[in-house]
Amino acid sequence: MIRAVIIDVDDTLCLTEAASFDLENEVLAELGRPPMSRTVHLSTWGEKLLDAMQHRSPGLDLDRFAALFPVFHQRYLAEGKLDVIPPENLGTLDELVADGRTVLLLTSRTGPEVGHLLAPDHLLADRVTAAYHQDNTRFHKPDPRVFDELLAETGIRPGECVYVGDSPGDAVAAGGAGIRFIACLQSGVRALDDFDSAHVTAAVDTFPEILPVIRSLP
């Protein structure tokens with residue numbers, strides 16, 4: 001039986017790429033820089049922000065961008081433009097919990113980048129048991145050992161877990177750890193052909209579609 005459902009944050013639980021594209025272009029405009037194209041943003045999505053910005057806006061003063069970005073990031077969060085979890089996704093989490101499954105987050109974000117999602121008054125507070133990120137795991141995706149702390153702390157075996165994510169790296173990490181993987185393609189950032197089929201248990205077009213898949217797994 002699947003005891004734990006582990007969920008990626010960006011472009012899985014919430015659709016992040018499109019909102020980040022708008023956010024980063026606003027910062028560029030404030031710095032007097034021309035906007036980047038969506039194509040270049042998509043091609044560098046998944047890279048560390050400052051590494052990606054060298055390609056998204058060649059010649060950019062990275063120190064100025066790094067100083068201004070948190071201001072715009074906080075405004076986007078406050079205005080509900082970023083890290084928005086759709087009601088249907090929250091409802092899916094509720095059903096997973098009602099099924100008796102533990103819901104955990106595993107993300108490539110740092111602790112500060114995920115901290116607001118773990119606040120006691122956040123909508124996830126009663127739905128998610130714990131979150132694992134770059135600051136509380138020794139290894140990072142696509143290294144399968146990224147699950148080490150999660151498995152050790154919960155006592156749940158790999159065969160009792162399923163990981164839901166949107167990237168080939170998510171699939172590689174899960175497959176290497178012996179954890180089944182569901183590819184969520186809702187963001188449109190990636191297609192099923194981008195994944196190694198050996199690591200994909202199932203693919204869904206929307207996040208709520210994970211429910212019948214998980215309920216059918218032995």
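The values are calculated or read from the model by the stated rules, or taken from the named source; none is laboratory data. In this text the structure is predicted, and so the values were computed from the model without any measurement. Neighbour counts run over all protein chains shown; Cβ positions are idealised from the backbone, glycine included. Side chains are part of the model used for accessible areas, which takes the heavy atoms of the whole protein and leaves out ligands, DNA and RNA. Shrake-Rupley method; radii C 1.70, N 1.55, O 1.52, S 1.80 Å.
Summary of values
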read-out: Rounded to whole Hz, the Karplus (6.51, -1.76, 1.60) HN-Hα couplings of region 168-183, x for glycine and proline; value: x, x, 4, 5, 5, 4, 5, x, x, 8, x, 10, 5, 10, 10, 7
read-out: Inter-probe distance in nm under a simple model that places probes 7 Å from Cα toward Cβ, at Val84 and Leu50; value: 3.0
read-out: 0 to 90° range, to nearest 10: angle between helix 62-78 axis and the chain longest Cα axis; value: 60
read-out: Accessible surface ranking that places the most exposed of Lys48, Lys81 first, with a 1.4 angstrom probe; value: Lys48, Lys81
read-out: Exposure of Ile85 as accessible area (Å², to 10), given a probe of 1.4 Å and all protein chains; value: 20
read-out: The chain: relative contact order as a whole-number percent, Cα under 8 Å and 6+ apart; value: 25
read-out: Segment Glu153-Glu95, length gained on full extension (0.36 nm per residue, minus Cα span); value: 18.5 nm
read-out: Angle in degrees between helix 17-30 and the longest Cα principal axis of the chain, rounded to the nearest 10; value: 20
read-out: Solvent exposure, largest accessible area first (probe 1.4 Å, DNA, RNA and ligands not counted), of Ser187, Ser216; value: Ser216, Ser187
read-out: FRET efficiency for Asp126 and Thr39, using Cβ-Cβ distance with R0 set to 35 Å, rounded to 0.05; value: 0.30
read-out: Degrees, to the nearest 10: 87-98 long Cα axis against longest axis of the chain; value: 30
read-out: Pair Met1, Asn136: separation of 7 Å Cα→Cβ label points (nm); value: 2.6
read-out: Nearest-10 value in Å² for the accessible area of Val27, using the 1.4 Å probe; value: 0
read-out: Mean accessible surface per residue for the chain, computed with a 1.4 Å probe while every protein chain stays in place, in Å²; value: 46
read-out: Within region 25-106, GluC sites (Glu not before Pro) in DSSP loop having at most 15 other beta-carbon neighbours inside 10 Å; value: Glu47, Glu79
read-out: For Glu88, net neighbour charge (Lys/Arg +1, Asp/Glu -1) across residues whose Cβ lies under 12 Å away; value: -3
read-out: Calculated on alpha-carbon atoms, Rg and Dmax of region 1-160 in Å; value: 17.3, 55
read-out: Region 117-199, relative contact order [Cα under 8 Å, separation at least 6], %; value: 23
read-out: Computed over region 19-70, the ratio Rg/Rh where both radii use C-alpha atoms and Rh is Kirkwood; value: 0.90
